[in-house]
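A.B. asks: Here it is, the structure in full.
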Amino acid sequence: MKNTVMTFQRQKDEQKKITMLTAYDYSTAKVMDNAGINGILVGDSLGMVMLGCEDTLSVTMEDIIHHTKAVARGAKNALVVADMPFMSYQTSVYDAVYNAGRLMKEGRCQAVKLEGGAAVCPQIEAIVAASIPVMAHIGLTPQSVNAFGGFKVQGKSEEAAKRILAEAKQVEAAGAFAVVLECVPAKLAELVTKSVSIPTIGIGAGAGCDGQILVYQDMLGMFGDFKPKFVKQFAHVGAEMEKGIKAYIAETQNGTFPAQEHTFKIDEEVINKLY
Ligand code: KIV
C-alpha cells in the first residue's frame, strides 16, 4: 500500500518507527520499495555521493527533477520526497512555491524537503497552502555548511539546544508534516520528538526519533570518501562491487568471458557467404 503523509503521522501516533533512505535512481528505488521502506528522499546529497562534489551547494533544480523522475518510477509504495536545492527557496516565497511545484509536477514526488527554521516558515506555509506537503530539516543543515564553518554537531550549548527546540515547534506550526533532525545530541532529539506532534526523522540524532534516514551509499558501504560517526554500514557493497569488477576484468583478459551461453548464433551458411 502507498505510504502517504498520513502513514507517517499514524506511525508516530502508534509508536511504529518510520524508515527512510535516500535514492537517486530507478533500480535502487525499486529494491528499497520491495524491501518495504516507508519513504525515499531524493536528497541533494546526490551532489556528493553521485556527482563527487565536496558539498551539496552546486545541485540544481534540473538535477533533482531528473533523479526524482527516476525514483518515482521505481517507488510504487514508498513516499517520495524531493529535496529543494540550495537557492531554490531561500530567495523568496514565490521561488519556493514555484520550485516546489516543479518538483511535484515534473519530478512526480509526493512531498518536498527544505532546510531551516524560522527563516523559511513563510516558505513552508506557502508551499503547504499550495497543497504540497513539506518535510522540514533542522540541526545540521548542509546547505549552511559555510555559515556553520563545517559539518558539525548542532545544539550542544543551552542556547543552541533551545533554538533547535523552538525551530521544531515553528516548522510544525508552519505546516510541515515531518521534520528531519540532523546531527543533534540524542537527548535533545528525544525532547524535540516529545515536544512536537509531527514525526521526527533522525540522522545522527539517536534512537529517540520517530524514524531514521540514512544516505544509502553510506549504509551499504559504497561511499568511501569519509564515514560520519552516525553511519552504520549494514553491508559492504563497495567491496563486493570491486570484487565483481576485478573478476570481469580478469575473465575478459583471459578470454573466459563471454562464454558460449552469453553469445548469439548465426547459421553457418549465412556466415560462410561473408568470407
Ligand atoms: O540530502 C540528503 O540526503 C539529506 C538527508 C541526509 C537527510 O538531506
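The values are calculated or read from the model by the stated rules, or taken from the named source; none is laboratory data. In this text the structure is predicted, and so the values were computed from the model without any measurement. In this analysis, Cβ positions are derived from the backbone assuming ideal geometry, glycine residues included, and neighbour counts consider all displayed protein chains.
Yes/no per residue for (1) more than 19 Å from Met20 (Cβ to Cβ); (2) touching a residue at least 24 places away in the same chain (Cβ under 8 Å); (3) not hydrophobic (A, V, I, L, M, F, W, C):
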residue: Ala70; (1), (2), (3): no, yes, no
residue: Gly74; (1), (2), (3): no, yes, yes
residue: Tyr89; (1), (2), (3): yes, yes, yes
residue: Val93; (1), (2), (3): yes, yes, no
residue: Gly101; (1), (2), (3): yes, yes, yes
residue: Val112; (1), (2), (3): no, yes, no
residue: Val120; (1), (2), (3): yes, yes, no
residue: Ile127; (1), (2), (3): yes, yes, no
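A.B. asks: Right, something else. Test Lys69 against the stated conditions and say whether it is basic (Lys, Arg), out of contact with any helix residue (DSSP H, G or I) (no Cβ under 8 Å at 6 or more places or on another chain) and assigned by TED's automatic domain parsing to the domain that holds Leu181. Outline the logic, then answer.
C.D. replies: Values: basic (Lys, Arg): yes; out of contact with any helix residue (DSSP H, G or I) (no Cβ under 8 Å at 6 or more places or on another chain): no; assigned by TED's automatic domain parsing to the domain that holds Leu181: yes.
No, not satisfied.
A.B. asks: Same structure, new question: Here are the criteria: (1) touching a Cys at 6+ places or on another chain (Cβ under 6 Å); (2) within 15 Å of the ligand (Cβ to nearest atom); (3) farther than 15 Å from Cys209 by Cβ. Tell me which single one Phe151 does not satisfy.
C.D. replies: Answer for Phe151: the failing condition is (1).
A.B. asks: Quick check on the range 197-205. Is at least one of its residues surrounded by fewer than 20 Cβ atoms within 10 Å (Cβ to Cβ) and either under 27 Å from Ala130 (Cα atoms) or within 16 Å of the ligand (Cβ to nearest atom) (or both)?
C.D. replies: yes
A.B. asks: Given the criteria touching a residue at least 60 places away in the same chain (Cβ under 8 Å), touching a helix residue (DSSP H, G or I) at 6+ places or on another chain (Cβ under 6 Å) and either in a helix (DSSP H, G or I) or at negative phi (or both), does Gln212 qualify? Full working, then the answer.
C.D. replies: Numbers: touching a residue at least 60 places away in the same chain (Cβ under 8 Å): yes; touching a helix residue (DSSP H, G or I) at 6+ places or on another chain (Cβ under 6 Å): no; either in a helix (DSSP H, G or I) or at negative phi (or both): yes.
In short, no.
A.B. asks: Could you list, in sequence order, the residues of the range 42-63 that are in a loop (DSSP other than H, G, I, E, B) and touching a helix residue (DSSP H, G or I) at 6+ places or on another chain (Cβ under 8 Å)?
C.D. replies: First pass over the range 42-63, keeping only residues in a loop (DSSP other than H, G, I, E, B): 43-45, 50-60.
Asp44, Ser45, Met50, Leu51, Cys53, Glu54, Asp55, Thr56, Leu57, Ser58, Val59, listed by residue number.
A.B. asks: Let me ask you something else. Condition check: farther than 24 Å from Tyr24 by Cβ and out of contact with any helix residue (DSSP H, G or I) (no Cβ under 7 Å at 6 or more places or on another chain). Does Lys156 satisfy that? Show your work before the answer.
C.D. replies: Working: farther than 24 Å from Tyr24 by Cβ: yes; out of contact with any helix residue (DSSP H, G or I) (no Cβ under 7 Å at 6 or more places or on another chain): yes.
Yes.
A.B. asks: Can Ser157 be described as away from the ligand (no atom under 16 Å from the Cβ), assigned by TED's automatic domain parsing to the domain that holds Gln110 and not aromatic (Phe, Trp, Tyr)? Walk me through it before giving the result.
C.D. replies: Details: away from the ligand (no atom under 16 Å from the Cβ): yes; assigned by TED's automatic domain parsing to the domain that holds Gln110: yes; not aromatic (Phe, Trp, Tyr): yes.
Answer is yes for this residue.
A.B. asks: Checking the condition more than 17 Å from Thr141 (Cβ to Cβ), crowded, with 23+ Cβ neighbours inside 10 Å and more than 15 Å from the ligand (Cβ to nearest atom), which residue from Ala111, Ala75, Ala70 passes? Even if it seems obvious, please write down each step before you answer.
C.D. replies: Values: Ala111 fails: more than 15 Å from the ligand (Cβ to nearest atom); Ala70 fails: crowded, with 23+ Cβ neighbours inside 10 Å.
Every option except Ala75 fails the conditions.
A.B. asks: Identify the single condition in (1) in a helix (DSSP H, G or I); (2) touching a residue at least 40 places away in the same chain (Cβ under 8 Å) that Phe223 does not satisfy, given that it satisfies every other one.
C.D. replies: (1)
A.B. asks: Starting from the range 29-51, take each residue that is under 15 Å from Ile65 (Cα atoms) and near the ligand (Cβ under 8 Å from one of its atoms) and list its partners that are part of a loop (DSSP other than H, G, I, E, B) and not aliphatic (A, V, I, L, M), counting only C-beta distances under 6 angstrom and pairs at least six apart or across chains.
C.D. replies: Pairs that qualify, where the first residue is under 15 Å from Ile65 (Cα atoms) and near the ligand (Cβ under 8 Å from one of its atoms) and the partner is part of a loop (DSSP other than H, G, I, E, B) and not aliphatic (A, V, I, L, M), are Asp44/Thr56; Asp44/Pro85; Leu46/Tyr24.
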